[in-house]
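Below is one structure, written out as structure tokens; the observations come after it.
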Amino acid sequence: MTAEEKAGQVLLPFFKGMAVEAQADAIERLHLAGSIIMGDNVPLDAQGRMDVQGMAAINHRLAQAAAANGRPWPGIIAVDQEGGQVARLGPPLTEWPTPMSYGAAGSGPLAREAGQGLAAELVPLGFNLDFAPDTDVTIGPKDVTIGARSLSSDPGAAAALGVAFSEGMLTAGVLPAVKHFPGHGSMTVDSHLSLPTQTATVAELSARDWKPFQAAATAGLPMVMTGHIAVPALEPGVPASLSAPTYTALRGLGFKGVAVTDALNMGAVTKQYPGGTAAVMALAAGADLLLMPADVGQAHAAIVHAVATGGLPPERLDEAARRVATMMVWNARTAPKAGAPPGSSAALSARVSASAVTVLSGPCGGPMVPGAVQVAGGKPADRARFEAAAARAGLSLGSGPVVSLIGYGGRGAGGDIAVALDAPWPLQESTAPVKVALYGRSDGAFDALAAVLAGKAAARGKLPAAVGSFPAGTGCP
């Protein structure tokens, strides 16, 4: 491969809206690794749902462009599809609850099954890489970015469940990417906006934040994403994604796969490293794949120039390009070609929520409501879904105890029963005597809630992280 081809092989760009042909042209012209699909790239039908055939056609066109230069491995077609708040692809694909559901359910086999179910629906659309799962270990309410995207506040649980979910994805033929090394769950600043600083020592990081990444390395998982987090114990003031000591630490865990940066168009990077400088820095530091540079043409030119002028050792670019190509050759050889139809995992998603719903305070047996219920809070769509689920569970609406729904980023609630639909932290400031963590707002999640309220099912989940005075592990026996 020429230097230009190798420079393209380590770049995974985004594009705006429906500019598919322009993106295909860039992939071909710059020899790019492929493309990531973001929310504004997803075609919708007349009902506002994802156009399945349209999405598959877009991905096929981008894959075709990646193959146009004659390279024998497939291009990367990637997406962020974690479940919960981070889901670029909506219905008719299965809607999944937040990843924290797996921590509440506490079942490795269930997490593995869910990883396979989620990934299997991506395959017919042409996706071969999903930037999931998020294995960051959350510290609770001060974790402003990750929240319910985290599996657990327990490093061992986050590690085991992250590996299980990833292995399920691989079984379906989709490459997982565990993220965000060196750990974003203990950060109190959002790296989408500015650069967080991790003040922990290496010993402290090894005992907490790095455990899931150590487990990923031990399991031989193919990809780890580095975050835009400054770690003074490694290299002060420099985002981990651009820091050589960070990649040395990651490789020191035994990781041999592809190290991918978090999106290079995020504020933590662009404010400090304009133009193509971030791309060259990340590569020189040890990254293999550069995600979403702000200007992919600029990044490509900067890499080629750096190699030509001695600013980037050619063997470093060789190593990065070889790792990416090797991963894609391996995936093409091992991935099953068939997938699963849209929505085929709805029952599995509902089972996840039924295993996760957690009662922090309130009765653990029998009906919580006397056959009728009122709903408040949340968004109109949440209230409508709750009402439909209540009706399915045989509950009448308009009288009885008030169920207060708390959505993403919501505050504490009153009423009789407070229900957190995302991270459970707002329950600590809720005045409702009964407190329930649901970790999801899918139809299946609301069915699980309604079944518990009606006394038709037990709440089986345990808190995967402390909520105020309620310690991790709180839940019905």
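The values are calculated or read from the model by the stated rules, or taken from the named source; none is laboratory data. Since the structure is predicted, the reported quantities are computational estimates derived from the model, not experimental observations. FYI the Cβ positions are ideal-geometry reconstructions off the backbone, even for glycines, and counts take in every protein chain you see.
One table, with the values for the structure above:
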quantity	calculated
Residue match in segment 438-458 (condition: assigned to a strand (DSSP E or B), of a type in the set (Gly, Ala, Ser) and out of contact with any Phe, Trp or Tyr (no Cβ under 6 Å at 6 or more places or on another chain))	no
Residue in segment 297-304 that is surrounded by fewer than 17 Cβ atoms within 10 Å (Cβ to Cβ), of a type outside the set (Gly, Ala, Ser) and modelled with pLDDT of 95 or more present	yes
Residue list for segment 327-369, restricted to those being within 23 Å of Trp96 (Cβ to Cβ), in a loop (DSSP other than H, G, I, E, B) and over 20 Å from the mean Cα position of the chain (by Cα)	Ala335, Pro336, Ala338, Gly339, Ala340, Pro341, Ser344, Val357
Candidates Leu242, Leu264, Leu289 - the one that is within 19 Å of His192 (Cβ to Cβ) and under 20 Å from the mean Cα position of the chain (by Cα)	Leu264
Residue list for segment 37-65, restricted to those being surrounded by 21 or more Cβ atoms within 10 Å (Cβ to Cβ) and among the β-branched types (Val, Ile, Thr)	Ile37, Ile58
Residues of segment 207-243 that turn out to be more than 27 Å from Arg322 (Cα to Cα) and hydrophobic (A, V, I, L, M, F, W, C), as a count	4
Total residues in segment 194-212, condition assigned to a loop (DSSP other than H, G, I, E, B) and within 18 Å of the chain's Cα centre (by Cα)	2
Yes/no for Ser191 being touching a residue at least 60 places away in the same chain (Cβ under 8 Å), of a type in the set (Gly, Ala, Ser), surrounded by 22 or more Cβ atoms within 10 Å (Cβ to Cβ) and assigned to a loop (DSSP other than H, G, I, E, B)	yes
Which listed residue, of Gly267, Gly254, Gly237, is under 18 Å from Leu291 (Cα atoms) and not β-branched (Val, Ile, Thr)	Gly267
Residue match in segment 14-27 (condition: touching a residue at least 60 places away in the same chain (Cβ under 8 Å) and surrounded by 24 or more Cβ atoms within 10 Å (Cβ to Cβ))	no
Which listed residue, of Pro274, Pro314, is farther than 30 Å from Gly115 by Cα and either at pLDDT 95 or above or buried (at least 21 other Cβ atoms within 10 Å of the Cβ) (or both)	Pro314
Matching option when the condition is surrounded by fewer than 24 Cβ atoms within 10 Å (Cβ to Cβ) and at positive phi, among Gly108, Gly147, Gly156, Gly126	Gly126
Residue selected from segment 257-271 under the condition part of a loop (DSSP other than H, G, I, E, B) and not small (Gly, Ala, Ser), by the criterion surrounded by the most Cβ atoms within 10 Å (Cβ to Cβ)	Leu264
Restricting segment 49-94 to residues that are charged (D, E, K, R) and in contact with a strand residue (DSSP E or B) (Cβ under 9 Å, 6 or more places away or on another chain), the residue that is nearest to Leu125 (Cα to Cα)	Asp51
Qualifying positions in segment 282-308 - in a loop (DSSP other than H, G, I, E, B) and touching a Leu at 6+ places or on another chain (Cβ under 7 Å)	Met292, Pro293, Ala294
Ala332, sole failed condition from (1) crowded, with 18+ Cβ neighbours inside 10 Å; (2) touching a Phe, Trp or Tyr at 6+ places or on another chain (Cβ under 8 Å)	(1)
Subset of segment 335-361 (residues that are surrounded by 18 or more Cβ atoms within 10 Å (Cβ to Cβ) and either closer than 22 Å to Gly410 by Cα or without any contact (Cβ under 8 Å) to a residue 24 or more places away in the chain (or both))	Ser353, Ala356, Val357, Thr358, Val359, Leu360
Residue within segment 173-182 that is surrounded by fewer than 21 Cβ atoms within 10 Å (Cβ to Cβ) and outside the structural domain of Tyr408 (by TED's automatic domain parsing) present	no
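Residue-wise test of (1) in contact with a Phe, Trp or Tyr (Cβ under 7 Å, 6 or more places away or on another chain); (2) in the same structural domain as Trp330 (by TED's automatic domain parsing); (3) of a type in the set (S, T, N, Q).
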residue: Ala249; (1), (2), (3): no, yes, no
residue: Gly257; (1), (2), (3): no, yes, no
residue: Asn265; (1), (2), (3): no, yes, yes
residue: Gly286; (1), (2), (3): yes, yes, no
residue: Asp295; (1), (2), (3): no, yes, no
